[in-house]
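S.K.: Here it is, the structure, as structure tokens.
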């Protein structure tokens, strides 16, 4: 099997925006060449002659090539001219199609860098929130929860994860921390602004039902996990933790996720008015 070459010249993705479109195109090509070691460097926000010249000079120094998605016609022309002057190969991934559409419609493009991301910001916000929530599920990265919009805490099977994922799909970054009997929660739970922390509670009967169904589904003997006395003890212990931290207690007994999410979001917006502008509330 042929060994992949090393020390190859870089591909520079030059963009007036963040370079997302260019990176997708380049990576879609490179994936067809397994084990390639071609360095890819994103050069974003190229909206001045100075940044443009710096990008071309760097490409020349490293003998790399420039792949660009410049939507600003003037900057695109300048880039192509500068590359020609400096002997740098450039690949235009935007110009030809943009020119074609302009001629087809008989109108000039608006030439706003990053417009796709701006128009689709809600989508990108949701992706970011989902990624954050999944990486902070069930106590993961508990020492890094300070960027969360909201923290959910409670005993096992109270519904923390489904509620977290539901809220994340609407653009909320959620962390959830389990309360385990007689085990001290992570210190970060008491260090974050307690107005963001919501303790989920539930009736013992409802929680017993959830745990018994889980046991049946997985055909497990869960022992004290599905024992009524143990459940009452766990709920009492969790309540003491909530009160100690000054957390808002939310009863989820027989409540659909949508109702609980809306209840929490309303309280968050009341406490943090800037969230009124947050897109995609549940």
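S.K.: Just to be sure I understand, how many residues within segment 142-160 are out of contact with any helix residue (DSSP H, G or I) (no Cβ under 6 Å at 6 or more places or on another chain), surrounded by fewer than 24 Cβ atoms within 10 Å (Cβ to Cβ) and over 13 Å from residue 264 (Cβ atoms)?
M.R.: Within segment 142-160, residues that are out of contact with any helix residue (DSSP H, G or I) (no Cβ under 6 Å at 6 or more places or on another chain), surrounded by fewer than 24 Cβ atoms within 10 Å (Cβ to Cβ) and over 13 Å from residue 264 (Cβ atoms) number 4.
S.K.: Considering (1) in contact (Cβ under 8 Å) with a residue 40 or more places away in the chain; (2) in contact with a strand residue (DSSP E or B) (Cβ under 6 Å, 6 or more places away or on another chain); (3) part of a loop (DSSP other than H, G, I, E, B), say which one residue 12 fails and leave the rest.
M.R.: Single failed check for residue 12: (3).
S.K.: Quick check on residue 178: is it under 20 Å from residue 252 (Cα atoms) and either loosely packed, with under 15 Cβ neighbours inside 10 Å or modelled with pLDDT under 90 (or both)?
M.R.: Values: under 20 Å from residue 252 (Cα atoms): yes; either loosely packed, with under 15 Cβ neighbours inside 10 Å or modelled with pLDDT under 90 (or both): no.
So residue 178 does not fit the description; no.
S.K.: Quick one: which helices (runs of 4 or more DSSP H) sit completely within segment 88-139 and have at least 2 residues that are at pLDDT 70 or above, out of contact with any helix residue (DSSP H, G or I) (no Cβ under 8 Å at 6 or more places or on another chain) and closer than 30 Å to residue 177 by Cα? Spell out how you get there, then give the answer.
M.R.: Numbers: elements: 95-105, 115-119, 121-135.
Hits in segment 88-139: 121-135.
S.K.: Report every pair of residues separated by at least 6 positions or lying on different chains whose Cβ atoms are under 8 Å apart, first residue within segment 29-47 and on the phi > 0 side of the Ramachandran plot, second part of a loop (DSSP other than H, G, I, E, B).
M.R.: 35/4; 45/15; 45/16; 45/17; 45/18; 45/113
So that you can scan it fast, the table gives a plain yes or no per residue for (1) out of contact with any helix residue (DSSP H, G or I) (no Cβ under 6 Å at 6 or more places or on another chain); (2) modelled with pLDDT under 95; (3) over 21 Å from residue 192 (Cβ atoms):
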| position | (1), (2), (3) |
| --- | --- |
| 241 | yes, no, no |
| 249 | no, no, no |
| 256 | yes, yes, yes |
| 274 | yes, yes, no |
| 277 | yes, yes, yes |
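S.K.: Please work out if residue 73 is surrounded by fewer than 19 Cβ atoms within 10 Å (Cβ to Cβ) and modelled with pLDDT under 85. Working first, answer last.
M.R.: Values: surrounded by fewer than 19 Cβ atoms within 10 Å (Cβ to Cβ): yes; modelled with pLDDT under 85: yes.
It is true that residue 73 is surrounded by fewer than 19 Cβ atoms within 10 Å (Cβ to Cβ) and modelled with pLDDT under 85.
S.K.: Among the residues of segment 174-193, what is the count of those that are over 20 Å from residue 236 (Cβ atoms) and part of a helix (DSSP H, G or I)?
M.R.: Looking only at that region, the number is 2.
S.K.: Right, another one. What number goes with the only condition from (1) without any contact (Cβ under 8 Å) to a residue 60 or more places away in the chain; (2) under 25 Å from the mean Cα position of the chain (by Cα) that residue 181 does not pass?
M.R.: Residue 181 satisfies every listed condition except (2).
S.K.: Quick one: in segment 240-272, which of the residues that are in contact (Cβ under 8 Å) with a residue 60 or more places away in the chain and in a loop (DSSP other than H, G, I, E, B) is surrounded by the most Cβ atoms within 10 Å (Cβ to Cβ)?
M.R.: 247
S.K.: Among the listed residues 171, 199, identify the single one that is outside any helix (DSSP H, G or I) and out of contact with any strand residue (DSSP E or B) (no Cβ under 8 Å at 6 or more places or on another chain).
M.R.: Numbers: 199 fails: out of contact with any strand residue (DSSP E or B) (no Cβ under 8 Å at 6 or more places or on another chain).
None of the others qualify; the one that does is 171.
S.K.: Quick check on this structure: which one of 38, 42, 47, 24 is assigned by TED's automatic domain parsing to the domain that holds residue 70 and in a strand (DSSP E or B)?
M.R.: Values: 38 fails: in a strand (DSSP E or B); 47 fails: in a strand (DSSP E or B); 24 fails: in a strand (DSSP E or B).
Going through 38, 42, 47, 24 in turn, just one is assigned by TED's automatic domain parsing to the domain that holds residue 70 and in a strand (DSSP E or B): 42.
The values are calculated or read from the model by the stated rules, or taken from the named source; none is laboratory data. Being a predicted model, the structure only gives us computed values, none of them experimental. Virtual Cβ from ideal backbone geometry, glycine too; neighbours counted across all protein chains shown.
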